[in-house]
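Below you'll find the structure, written out as structure tokens, and then a few comments.
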Amino acid sequence: MTEPRNNGSRTLPEVADTEALGRELAGTLTAGDLVILDGPLGAGKTAMARGIAAGLGVVGRVSSPTFIIAREHRPGSADRPGMVHVDAYRLGGLDELDALDLDSDLDGSVVVVEWGEGVAEHLVDRHLRVRLRRAEDSEVRRAEWEWVEL
């Protein structure tokens, strides 16, 4: 596979392809980076988060944080960042997101927010937006990613 660029797109025929792209994107991330995963239900947001976690080498199983809102994954080694995985779907707005105190998590972690578009951008001046879409009546997904400066 080719190294992901700052901006790009890719067709993802299998869930494993989504996870592989997440691992590749993780190679471009450092502590303090925010990743916003956008897409409808079943588009592959959690699979992408699993791939990012694997690429970062964090500790713990990555699953959808829907019912706990945010889950922290410790770094696998001292020279790598941890990851905070957030599901913004159930949040009632910016006040609830601010209550999670993600600003302090950004110091030593990559923060990955599912359903975060329109909610989490204010946390940083620059973030990686990954849009995932699934073709109708198909398991084939399409990812588009770009670094967005605010």
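So here's what we get for this one:
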{"read-out": "Proxy reagent accessibility, fewest Cβ within 10 Å first, across THR11, THR28, THR18", "value": "THR11, THR28, THR18"}
{"read-out": "Extension reserve of the TYR89-THR11 stretch, reckoned as 0.36 nm per residue once the Cα distance is removed", "value": "25.6 nm"}
{"read-out": "Length-normalised contact order for region 8-149 - Cα pairs under 8 Å, 6+ apart - percent", "value": "33"}
{"read-out": "From phi via Karplus (6.51, -1.76, 1.60), per-residue ³J(HN,Hα) for region 136-141 in Hz, x at Gly/Pro", "value": "4, 6, 8, 8, 6, 10"}
{"read-out": "Only Lys, Arg (+1) and Asp, Glu (-1) charged, at Cβ; region 8-149 dipole about Cα centre in debye", "value": "560"}
{"read-out": "Sequence of LEU100, LEU25 once ranked by neighbouring C-beta atoms within 10 Å, starting from the fewest", "value": "LEU100, LEU25"}
{"read-out": "Spin-label pair GLU136/ARG61, simplified geometry with 7 Å Cα→Cβ offset, distance in nm", "value": "3.6"}
{"read-out": "Extended-chain gain in nm, criterion 0.36 nm per residue less alpha-carbon gap, GLU149 and ASP125", "value": "8.0 nm"}
{"read-out": "Derived scalar couplings ³J(HN,Hα) [region 81-89; Karplus, 6.51 cos²θ - 1.76 cosθ + 1.60; whole Hz; x for Gly, Pro]", "value": "x, x, 9, 10, 10, 10, 10, 8, 4"}
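Any read-out appearing in this document is the output of simple, stated calculations on the displayed coordinates, not a laboratory observation. Remember, predicted model here, so these are calculated numbers, not experimental data. Virtual Cβ from ideal backbone geometry, glycine too; neighbours counted across all protein chains shown.
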